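Throughout, read-outs are computed from the coordinates displayed, never taken from laboratory work. Values in this document were obtained by computation on a predicted structure and should not be read as measured data. Quick reminder, even Gly has a Cβ in these numbers, built from the backbone with ideal geometry, and neighbours come from all protein chains shown.
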Amino acid sequence: MGLTLAEKILKAHTVDGVFEKGREIGLKIDQTLTQDATGTMAYIEFEAMGIGQVKTERSVAYIDHNTLQSGFENADDHRFIASVAKKHGIYYSRPGNGICHQVHLERFGAPGKTLIGSDSHTPTGGGIGMIAIGAGGLDVAVAMGGGAYYITYPKIVNVRLTGKLSPWVSAKDVILKLLSLLSVKGGVGKIIEYTGEGVGTLSVPERATITNMGAELGATTSIFPSDERTRAFLKAEGREDVWIPLSADADAVYDEEVDIDLSSLEPMAACPHSPDNVKSLGEINAEAGGRMKIDQVCIGSCTNSSLADMLKVAYILDGKTVHPDVSLAVSPGSKQVLTMMAQNGALEKILAAGARVLESACGPCIGMGQSPNSAGISLRTFNRNFEGRSGTKDARVYLVSPEVAAASAVAGYLCDPRALGDMPAFVLPEQFAVNDNMITPPADPKDADGIEILRGPNIKEYPKTAPLADHLRAECSLKVGDNITTDHIMPAGAKILPLRSNIPAISKHCFAVCDESFPERALALGQSIVVGGSNYGQGSSREHAALAPLYLGVKAVIVKSFARIHRQNLLNAGILPLEFVDEADYDAVSQGDILAVEDLRDQVSAGGPIVVKNLTKGKSFETRCELSERMRAILLCGGHSTTPRQI
């Protein structure tokens, strides 16, 4: 029996555990990436390990989230990260060089390599045949220190692509279609692997769009084969030497299969407030009484900011003017993309149409500016449309392709780009404008001892943890519903992102989207328990969604089910992650109930069901906490050790 492509790479990198479905395996990590919203904490954690130089083949620190620098906090974080990178063997991508996933695809990613990043959209690298996985900052720090990265050997889903995309239908529509089929939790515990004749019709930027938004499925990662299209992309980047052909064996066996006929797809949009709330443009306009008027359009993000995307936008805007009732913002994904837009005339066309061209950074996607007007309708080529993520709580955000976005910006309403007529061939150049002058290499290791780490006053220590207690008795300080995202738990945005290196300060905003009184209540209680529904913690990899509750005294989280990264972040922080054995028991718990677990350490060590008593209501219910021996040891000692197990 042959192997899938994902299995080939996983097997070649497995250094610990048993290579069997459902078992925990430890992977050797070739590359890591961080970004500044998660990087400061990750490097504080790395420093605590006392390791001089990173042990990976390549580690890169990107500055792409907190680029407004509206106060000293962001600039201090950037300076800290730059000094850590210089001292410890990490490449440093300076502010303005671009979004981490776009730049890593261009300059560092390589087929067959493993990559973990402290950003949930790290699977973008799957577009060139990498096993690229989003992770919490502490897991990335451990990998930089030479430790293995552990996952449960996932199921492999074969998404078989046939046919070819019709004119003005895009890669964004492919992943939106898959989200409509599988949902935001349909990929949990799975790797999405793309095969079939349709793969060869998609360019690397198109593949990267699809793997990027695979994160919204809850998938461990997504991956495309490495073929001649991959080779052409890497050759254009001057990196053909890293190319190798990679594909699944002809007799590979998959756990699940999904068929998508590319030629049958049409332009679609994800409606508020979830990436899987997908409808056709016709359906949306019909619900709006014929056509949906819009207020704002934002084009960019790590999902749709490639040169190919920008060429299509420039073509649609050429000779036209953005509708007077619409604000259009365009964010090229990297300095390389922006430079080539300037060289080939695309930038001039976009500017002439009345677009506001923003810095090559995450920008509006992470809530850093460009918040819509009150109750505004915003079309965005981004990957997430969670409530409040845009910075305007009552805004309605729709996720669309660049083609839909540009056509709608001109029309003033949600517009089907197929009405534009014939689509020209958008051909990428054979050679990209490569200029790595905004990537600073690390210092020579022999000079590292003399490099000072520069810390600002906003940079605080990692919150204190403690071994798991023998008994737990605490109030339910908050009860929330299904699909609670890390944006609900620990919001981002221009006001809060600068506090990412200051857990005491950022904790004041914990769960603010759900209940603004939670931080004060949790602190007053001293210790408490949070109860939630299914797919709890979906979305960003931000470990702050675990560290802020840790600081506020949250000792356990009891839910119907967890998203993968957040569950691991809770374990790393020493917070007990429990799941209802019978989901109906969720309904019997109320905020304010006193919950207790007796002989907690013994129950966790035994590995069976953990009984929780609701002392307020005089009832008990069973929960599960399925852990490997390694994970159980981490939880019992109060969180992840900062001494990585060398491989």
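Placing a label point 7 Å from the Cα of D436 along the Cα-to-Cβ direction, the residues of region 109-142 whose backbone N falls under 20 Å of that point are 109-117, 125-126, 128-130.
The listed peptides 25-35, 457-467, ordered by packing as a protection proxy, come out as 25-35, 457-467 (highest mean of other Cβ atoms within 10 Å first). Of all lysines in the structure, those lying under 24 Å Cα to Cα from K560, and not within fewer than 8 positions of it along the same chain, are K21, K155, K185, K190, K479, K613, K617, K619. Here each label is just a point 7 Å from Cα along the line to Cβ, and for A75 and D449 those points are 3.4 nm apart. Once backbone amide H atoms are built at 1.01 Å from N, A219 has G187 as its partners under 5 Å, excluding neighbours fewer than 5 places away on the same chain. Residue ranges 295-303, 599-607 sort as 295-303, 599-607 when ordered by packing (mean number of other C-beta atoms within 10 Å per residue, highest first). Between beta-carbons, use under 12 Å as the cut-off and find the net charge around T616, counting Lys and Arg +1, Asp and Glu -1. Around T616, the charge tally is +2. The modelled label-to-label distance for the pair L636/D241, using points 7 Å beyond Cα in the direction of Cβ, is 4.9 nm.
Suppose only helical runs count, i.e. DSSP H with n ≥ 4. What mean residue ellipticity at 222 nm does that imply for the chain under -39500 (n - 2.57) per run, divided by all residues and rounded to the nearest 500 deg cm²/dmol? Mind dumping the intermediate values first?
Values: 20 runs with 179 residues, N = 647.
Computed mean residue ellipticity for the chain: -8000 deg cm²/dmol.
The distance between label points at V15 and D482 comes to 4.1 nm (points 7 Å beyond Cα on the Cα→Cβ vector). Count Lys and Arg as plus one, Asp and Glu as minus one, and take only other residues whose Cβ is under 9 Å from that of Y586; the net charge is then -2.
Rounded to the nearest whole Hz, the Karplus-based 3J(HN,Hα) values (6.51 cos²θ - 1.76 cosθ + 1.60, θ = phi - 60°) of region 335-352 follow the sequence 4, 4, 5, 4, 4, 5, 5, 5, 6, 9, x, 5, 4, 4, 5, 5, 5, 4, with x at glycine and proline.
Highest mean first, how do 61-67, 473-479 rank when packing is the count of other Cβ atoms within 10 Å averaged over residues? The partial results should precede the final answer.
On the way: 61-67: 27.4, 473-479: 20.6.
Answer by packing, highest mean first, reads 61-67, 473-479.
Cross-link partners for K235 among the lysines, with Cα-Cα distance under 18 Å and sequence neighbours closer than 8 places in the same chain left out: K113.
Tell me whether region 77-225 comes out rounded, prolate or oblate; compute the Cα gyration tensor, take square roots of the eigenvalues as a ≥ b ≥ c, and use a/c under 1.5 as the rounded threshold. The partial results should precede the final answer.
Working: a/c = 2.24, a/b = 1.62, b/c = 1.39.
Here region 77-225 falls in the prolate category.
A Förster distance of 30 Å, applied to the separation of the beta-carbon atoms of A584 and E516, puts the FRET efficiency at 0.50.
For the chain, the longest principal axis of the Cα atoms and the long axis of helix 72-88 meet at an angle of about 80 degrees.
So how much slack lies between K495 and K293, counting 0.36 nm per residue of separation and subtracting their Cα-Cα distance, in nm?
Details: separation 202, 0.36 × 202 = 72.72 nm, distance 2.94 nm.
Separation in residues times 0.36 nm, less the Cα-Cα distance, equals 69.8 nm.
Mean separation of Cα pairs under 8 Å and 6 or more residues apart, divided by the residue count, gives the chain a relative contact order of 15 percent. With K and R counted +1 and D and E -1, the other residues having a Cβ less than 13 Å from that of K479 yield a net charge of -4.
Whole-Hz Karplus values for region 248-264 come out as 6, 5, 4, 9, 4, 10, 10, 6, 9, 9, 10, 10, 10, 8, 4, 5, 8 Hz, taken residue by residue from phi with 6.51 cos²θ - 1.76 cosθ + 1.60 and θ = phi - 60°; glycine and proline positions read x.
I'd like to know how the chain sits against the 2.2 N^0.38 Å rule of thumb: what's its Cα Rg over that expected value?
Numbers: Rg = 23.6 Å, N = 647, 2.2 N^0.38 = 25.7 Å.
In units of the globular-protein estimate, the chain measures up at 0.92.
What the phi angles of region 614-626 give under the Karplus curve with 6.51, -1.76 and 1.60, with θ = phi - 60°, is a coupling list of 8, 5, 5, 9, x, 10, 10, 8, 9, 10, 10, 9, 6 Hz, glycine and proline written as x.
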